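Enquirer: Sharing a structure here in structure tokens format.
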């Protein structure tokens, strides 16, 4: 009896200590996420423009109604989805193929891997500007020079297909990430299991389907999750290359809100759109939540 | 398939692909040793007279470069220290003093990371303006730390989880207080994991390009903003852009190369090792 009540009180004390150790981090996170989110909700219901003098006034859902009537806003949601889906598809499939290739035993293995993963560590503004100027500039970028060398007329890629160029740059940043994660995971694959399966007459397609892909499901889920988090919010790459243009051809949701917020200082509209971005991200992560919990073994 | 015999076909294909992937960076390095004029007019000419350190000299001569560099260092290290100071006790609580609500708390912590930064840009900007935190190092340190804190807590949790609970229990039976338990037992055992967490945090903070671009101006702008300033057309600037870029990415690139393994583990919260 004494022992039991003793361990109970130790446990209660431990729970209390745990609570206090957790509190600073939770409060800090709340101050920087929940508190501003509440402000965003309030602002989204106000007619509030910093460049037009006057007191902010309650305007109901007008900001939202105006947003849905704005074709640029609708377009920006579409552009966001386009970037996220295409980049995830390319980097996961490409990353898997590249990882399978790099998983072979080969000379200069370390050097080759170092080169492949490098773009992931590059500051986004650096990567984007190098692509835009040094590589893709229509007058003296390296591709233009190669085109001229072979008697072709160089294309001003950022004018003709701006969105494709943004996607190329973002894929270049994220392919190394997918490759690195999947390669590490492939290396932990049980080779004996594969050899045994081969001896039993399994073809390499069978190995792929029944051993390799199931083994990679967890890492692929995590790659998709991490990329989702970052790709929904792509900003710097667009800011320094196209500034959302030409027109609004490369304006994603993040850039749309940025232009409403810090270029037009339209607090009400920016907040309404910001709130919708939060809702969108929450829907996506709610769909992913089950997979995440399973993948990290919570 | 990982046969022991080296596969030269795989190597040839891999080498070509690796060169293609790294080409933008190799090209950036080559262009940084030209003059601005030659980088734009004669990019393919690598004869002896073309090589020069002029672009690096010009970046260093520009006093502002060191201000940007200092701001990057303060933001990266400051936010990492702050985030670790908050995350270490939190991860201890989640691992070694778990309550019934643990899973809910952990998902909530991660959900703050899933909230897009843009959703709070307007209020943060206005609050920062009121508190005079706009364009200050402190403002950036706080914001970047808040952005990385969820990932850091999750990562530390994944390392703490692997520590045998028996050792911690033994310490408790011997009457160790919570600070003793953390400083004398947990920290020494988890030191490699904490170090990788810190490195990942520094990498993420160094490259953070949303808040650093939107909340900084002439005073607190780190290297991300310095490079972004090259996007405005200012005539010939490619060699200087390349030199400044090389200087800005080199430290993090080297750190990244050295700790690939730890990064994979960290970025997947221990699910891939």
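The values are calculated or read from the model by the stated rules, or taken from the named source; none is laboratory data. What you are looking at is a predicted structure, and each value in this text was computed from that prediction instead of being measured. Please note: Cβ atoms are built from the backbone with ideal geometry, for glycine as well, and neighbour counts cover all protein chains shown.
Enquirer: Among residues belonging to the range B:135-163 that are surrounded by fewer than 20 Cβ atoms within 10 Å (Cβ to Cβ) and more than 9 Å from chain A (Cβ to nearest Cβ), point out the one that is farthest from residue B:92 (Cα to Cα).
Expert: B:135
Enquirer: Can you go through A:87, A:77 and tell me which one is away from chain B (no Cβ under 13 Å) and over 27 Å from residue B:243 (Cβ atoms)?
Expert: From the options A:87, A:77, the qualifying one is A:87.
Enquirer: Then there is this: Within the range B:99-117, can you find the residues that are more than 20 Å from the chain's Cα centre (by Cα) and either more than 7 Å from chain A (Cβ to nearest Cβ) or closer than 30 Å to residue A:271 by Cα (or both)?
Expert: Passing the criteria: B:100, B:101, B:102, B:104, B:105, B:106, B:107, B:108, B:111.
Enquirer: Could you pull out the residue among A:34, A:74, A:83 that is in contact (Cβ under 8 Å) with a residue 12 or more places away in the chain, assigned to a helix (DSSP H, G or I) and under 22 Å from the mean Cα position of the chain (by Cα)?
Expert: Within the list A:34, A:74, A:83, the selection yields A:83.
Enquirer: Now for a separate question. Do we have any residue at all in the range A:187-198 that's under 24 Å from residue A:114 (Cβ atoms) and part of a helix (DSSP H, G or I)?
Expert: There is at least one residue in the range A:187-198 that is under 24 Å from residue A:114 (Cβ atoms) and part of a helix (DSSP H, G or I).
Enquirer: Looking at the range B:1-51 only, could you name the residues that are touching a helix residue (DSSP H, G or I) at 6+ places or on another chain (Cβ under 8 Å), within 10 Å of chain A (Cβ to nearest Cβ), surrounded by fewer than 19 Cβ atoms within 10 Å (Cβ to Cβ) and in a loop (DSSP other than H, G, I, E, B)?
Expert: B:1, B:2, B:42, B:44
Enquirer: Does residue A:197 satisfy being under 29 Å from residue A:109 (Cα atoms) and more than 9 Å from every other protein chain (Cβ to nearest Cβ)?
Expert: For residue A:197, the condition - under 29 Å from residue A:109 (Cα atoms) and more than 9 Å from every other protein chain (Cβ to nearest Cβ) - is met.
Enquirer: Turning to a different aspect of this structure: Whether any residue in the range A:213-220 is at the interface with chain B (Cβ under 9 Å from one of its Cβ atoms) and within 24 Å of residue A:97 (Cβ to Cβ) is what I want to check.
Expert: Yes, the range A:213-220 has at least one match.
Enquirer: Counting only residues that are farther than 17 Å from residue B:195 by Cβ and more than 9 Å from chain A (Cβ to nearest Cβ), which one in the range B:76-95 is surrounded by the fewest Cβ atoms within 10 Å (Cβ to Cβ)?
Expert: Among those that are farther than 17 Å from residue B:195 by Cβ and more than 9 Å from chain A (Cβ to nearest Cβ), it is B:78.
Enquirer: When the residues of the range A:227-238 are filtered to those that are facing another protein chain (nearest Cβ under 8 Å) and free of Cβ contacts under 8 Å to residues at least 60 places away in the same chain, which remaining residue is nearest to the chain's Cα centre (by Cα)?
Expert: Residue satisfying both the conditions and the ranking: A:229.
Enquirer: One residue is enough: does the range A:97-107 have a residue meeting the conditions assigned to a helix (DSSP H, G or I), within 17 Å of the chain's Cα centre (by Cα) and within 22 Å of residue A:169 (Cβ to Cβ)?
Expert: No, every residue in the range A:97-107 fails to be assigned to a helix (DSSP H, G or I), within 17 Å of the chain's Cα centre (by Cα) and within 22 Å of residue A:169 (Cβ to Cβ).
Enquirer: May I pose another question? For residue A:56, only one of the following conditions fails: (1) at pLDDT 90 or above; (2) under 27 Å from residue B:139 (Cα atoms); (3) more than 9 Å from every other protein chain (Cβ to nearest Cβ). What is its number?
Expert: Checking residue A:56 against (1) at pLDDT 90 or above; (2) under 27 Å from residue B:139 (Cα atoms); (3) more than 9 Å from every other protein chain (Cβ to nearest Cβ), the one that fails is (1).
Enquirer: Name every residue in the range A:93-102 that is in contact (Cβ under 8 Å) with a residue 60 or more places away in the chain and crowded, with 20+ Cβ neighbours inside 10 Å, in order of residue number.
Expert: A:95, A:96, A:98, A:99, A:102 - these are the residues of the range A:93-102 that are in contact (Cβ under 8 Å) with a residue 60 or more places away in the chain and crowded, with 20+ Cβ neighbours inside 10 Å.
Enquirer: Which residues, taken from the range A:254-281, are part of a helix (DSSP H, G or I) and more than 7 Å from every other protein chain (Cβ to nearest Cβ)?
Expert: Scanning the range A:254-281 gives A:255, A:256, A:259, A:260, A:263, A:268, A:269, A:272, A:273, A:276, A:279, A:280.
Enquirer: Can you list the helices (runs of 4 or more DSSP H) found entirely within the range B:112-181 that contain at least 3 residues being in contact with a strand residue (DSSP E or B) (Cβ under 8 Å, 6 or more places away or on another chain)?
Expert: Per the criteria, no element qualifies.
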